[in-house]
Every structure is written in structure tokens, then in C-alpha cells.
1. Would you call residue 154 surrounded by fewer than 22 Cβ atoms within 10 Å (Cβ to Cβ) and under 12 Å from residue 245 (Cβ atoms)?
2. State the number of residues belonging to region 372-397 that are in a loop (DSSP other than H, G, I, E, B) and modelled with pLDDT under 95.
3. Of the numbered conditions (1) crowded, with 22+ Cβ neighbours inside 10 Å; (2) in contact with a strand residue (DSSP E or B) (Cβ under 8 Å, 6 or more places away or on another chain); (3) assigned to a helix (DSSP H, G or I), residue 345 satisfies every one except a single condition; which is it?
4. Based on what the data block shows, is residue 369 within 21 Å of residue 192 (Cα to Cα), at pLDDT 95 or above and surrounded by fewer than 23 Cβ atoms within 10 Å (Cβ to Cβ)?
5. Checking residue 273 against (1) assigned to a loop (DSSP other than H, G, I, E, B); (2) at pLDDT 95 or above, which test does it fail?
6. Only one of 203, 216 is out of contact with any strand residue (DSSP E or B) (no Cβ under 6 Å at 6 or more places or on another chain) and surrounded by fewer than 16 Cβ atoms within 10 Å (Cβ to Cβ); which?
């Protein structure tokens, strides 16, 4: 019998020496923690603790009892005309409840579970995304090269804590150039290819602040201001890359009129670089020179596991697309929507998961054309929870916790039976028009870790559908089955 890694995560709160206050608990405990961890510039993150602990020795659930408990709830009219469900006992890797479990259905943002899983497998949790600046082909030109870090910040005021910063990158560039003032900024976004919006996205998704054009350079996931609203409404730049380039130009003292797209020259020493490449003076009093393509500065994102945590907690569509591109790049495939879907599918096959039950048009779940089965999600969650692959266990760092954090912060509050699930359900939500999904892990009152996916379509009202989803998960928590 496997000892679930999720149990370790759920018990982590007992081991930490400081108070953690996400969600409504911040108000209960006061504004300031009594102690805090030692500060670090971009620390490697630790698992996010939750409120309940569990053991792996609880009584094994009885399938017939689970069926009797769940059948009335998954048949609720509030969930809609199509409801597909799968529940797995993680310790035994056995499915204990299934309804249309292998039938593919629109997953909405539960797609992000597979994006996180495949990225952790492809890149590893410690991988960092780079944003670089090199000398341009002509004197006075600098080229900022997008490395796919959508969490990049302009300055200290950032949506994502510990994000890499353009102002720090600008200081590096000015120091590298010495007394030479840059006169032009080129923006190289050639890392990502193909269309910048996905098939299946709504015509108003960008205008409504749900997502931005997917480019390899942007700040705050394309937002005009570093602000996140759970249900959209975050204005996005019409051209995130050029907007980031203009912010960078301001920091260098370059007029924004001198910002345009371009491609970075190859560095001298690269076999493809021209032997006759010109040099750029590094200052009137300096004998040194800078050749085109020479790196002038570089900043790195926090570890990928932390970026994934933000993506899952906030259900950030842009971060999800940028993270998905890393799966494609690691596989040597084009960093496009199509290349990402192919690479994610290949990675699922490699991990032994049912990739034939996954069909993707994007990595965020915003596309209404995506289809995934509950079985595929539960098998992925079970693999991550089983403990065989430590990198995949990091998936659970960022999953919202019922009544506590992220997109579940205000859920499992009412009615009263749902409250028993607060702190013990850790799951990814998903919502599109007429689509409501919930997939994650929980601990029963008997101390058993279950992975579950509940995927509903055709519900008359999103709010009542969400409550109906929560009742299913809460029943699993309370079930003496």
C-alpha cells in the first residue's frame, strides 16, 4: 500500500514554526504574524500548509456505501444535464466511484492540473525562466529577449511576490554599457510561435480581462496594473510585449517611440555569427567593446514550482499558457498552442496516464473546445499523490484549499454540511459558461486520502452548480463509508 505524499502535505502545518494566514483566517488571527521566515531574494518555496492532518491508515472506503452517498448528489438538477465523476482511493489506486468516468467533457480550468503536472515533469520544480538583454546589431541598440516569464514585474509593485523585475534588469544593462547611453530598444518575442490566441477562446475574453495575447515577453501576465480579480475584469495590454518593452525603455531613458519588435543578433563566437560583426563602445573613456549579441543583463523568475503555485491559486490563464509552453520547449517542439498540446499529450503518455482521454486546444482551460475525462484527472492526481515522483508531488503546493485560499477561499462556507470540508479539500476549480468542474484531493473523516473529479455541463446557474459540486466533495469528507 502506498503512503500518500498528500498526507505529508496535509500534516505540514504541524511542522512549521510560523503562522500562515491565507484566506479568511488572516482576519481571525490578526494582521501580523508573531514570527516570520528569514528574508530571501527568491527563496525556493516550501509546500503550503493546510489546516487538517491525516494518517494513511484509515479504513478503506466501501464502494457500495460511497455510491449510496453520492448518487443523489451527482444527480442534482443544479449540476446540469451531463455529470461525469470519478473518485479514487489513493492508497490502493482503486476507483471507488464512477459515473461516465471515461467520458470526455469540457474541463474549464481543471485543465491547469495537467499543465502543472506535465510542466513539473518536463522542467522540474527548480527550473527558472530567464529574461535577457543583449547588445543590438547597431550602436545604441539593446534587445530584450522574452523568455516566457509572464510573471515578470516592472518594479517593486508586483502581482507575483518575488517576481523578476525590469528595473533591476535595466540597472544591469546601464552598468554593462558604461558611459554609453542606449538609444533604441528592440523586443524579441521569437521564442513563442504561432497564433497568440487559442481556438475556442471567446471573442471577449481579452477585453473582459480573462487573458492576454500569449507572447514570450510581458509583465504581470499582461495586466495593465498588478491587480488580480478572481472573475476577470483585469484590463490587459493590447500588445503585452511592446508594452513591456516601452516600460523597459523608460527605465533606460530611451523614448518609447524608439521601441519596436526585432530579433536579437547572435553573439560573437556563435558559429552562425558574422566574423565581421561591428563593435559597440562601452563608454568614451573605456577601451572595452561590446559586440552584437553580447549579454548585457539577465533576471530570473522564482522557481517554476512557485510560478505554478500562483497559476493554480489564482487560476491565471496567462501563466498557464506560459507554463504550458515550457513543456513544448523541453520536448523540442514549437512553443505554440499546437506544439504545447502535442507535448503535454506526449508527456501524459510517458507518465502512463490516459492521454487518449485528453484533447487540448490550450493549456489554461479557457478554450471551450478542450475535452478531458474525470478518469484522466483522477489518475493524474493519484500519480502526483502516490509519492513515486517527488517532482509531481509539488502539484499540491498551489491547489486552493476549501474555505481558506485561492479560488476556494469563499466556498464550502454554506450550507452547514459543507463546512466540515473546510481545510481538508484541496482542489482546482473550473468555470465556463454552462460548465462547472472541481478536481483535487481530500481526506475522509476516517483519514483516507481520496482523489476526485466532478465535471458538470448544462447547469442553469453557476453559483448553484458550484454549491452542488461542493456538496459532493463535502459528503466524501464526512462519509463514514
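The values are calculated or read from the model by the stated rules, or taken from the named source; none is laboratory data. Fair warning: this is a prediction, and the values are worked out from it, not measured in the lab. Cβ coordinates were reconstructed from backbone atoms using ideal geometry, including for glycine residues, and neighbour counts include every protein chain displayed.
1. Details: surrounded by fewer than 22 Cβ atoms within 10 Å (Cβ to Cβ): yes; under 12 Å from residue 245 (Cβ atoms): yes.
Yes.
2. Going residue by residue through region 372-397, those that are in a loop (DSSP other than H, G, I, E, B) are 373, 387-389.
Subset that is modelled with pLDDT under 95: 387-389.
Residues meeting the conditions: 3.
3. For residue 345, the failing item is (1).
4. Numbers: within 21 Å of residue 192 (Cα to Cα): no; at pLDDT 95 or above: yes; surrounded by fewer than 23 Cβ atoms within 10 Å (Cβ to Cβ): yes.
Spelling it out, it is not the case that residue 369 is within 21 Å of residue 192 (Cα to Cα), at pLDDT 95 or above and surrounded by fewer than 23 Cβ atoms within 10 Å (Cβ to Cβ).
5. (2)
6. Working: 216 fails: surrounded by fewer than 16 Cβ atoms within 10 Å (Cβ to Cβ).
That would be 203, the only listed residue that is out of contact with any strand residue (DSSP E or B) (no Cβ under 6 Å at 6 or more places or on another chain) and surrounded by fewer than 16 Cβ atoms within 10 Å (Cβ to Cβ).
Conditions (1) surrounded by 24 or more Cβ atoms within 10 Å (Cβ to Cβ); (2) closer than 16 Å to residue 122 by Cα; (3) in contact with a strand residue (DSSP E or B) (Cβ under 8 Å, 6 or more places away or on another chain); (4) modelled with pLDDT of 95 or more, marked per residue:
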position	(1), (2), (3), (4)
256	no, no, no, yes
264	no, no, yes, yes
313	no, no, no, yes
320	yes, yes, no, yes
327	yes, yes, no, yes
331	no, yes, no, yes
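Residues are listed down the side, and each one gets a yes or a no for (1) farther than 15 Å from residue 140 by Cβ; (2) assigned by TED's automatic domain parsing to the domain that holds residue 165; (3) touching a residue at least 24 places away in the same chain (Cβ under 8 Å); (4) over 29 Å from the mean Cα position of the chain (by Cα):
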{"position": "240", "(1), (2), (3), (4)": "yes, yes, yes, no"}
{"position": "249", "(1), (2), (3), (4)": "no, yes, yes, no"}
{"position": "255", "(1), (2), (3), (4)": "no, yes, no, yes"}
{"position": "259", "(1), (2), (3), (4)": "no, yes, yes, yes"}
{"position": "262", "(1), (2), (3), (4)": "no, yes, yes, no"}
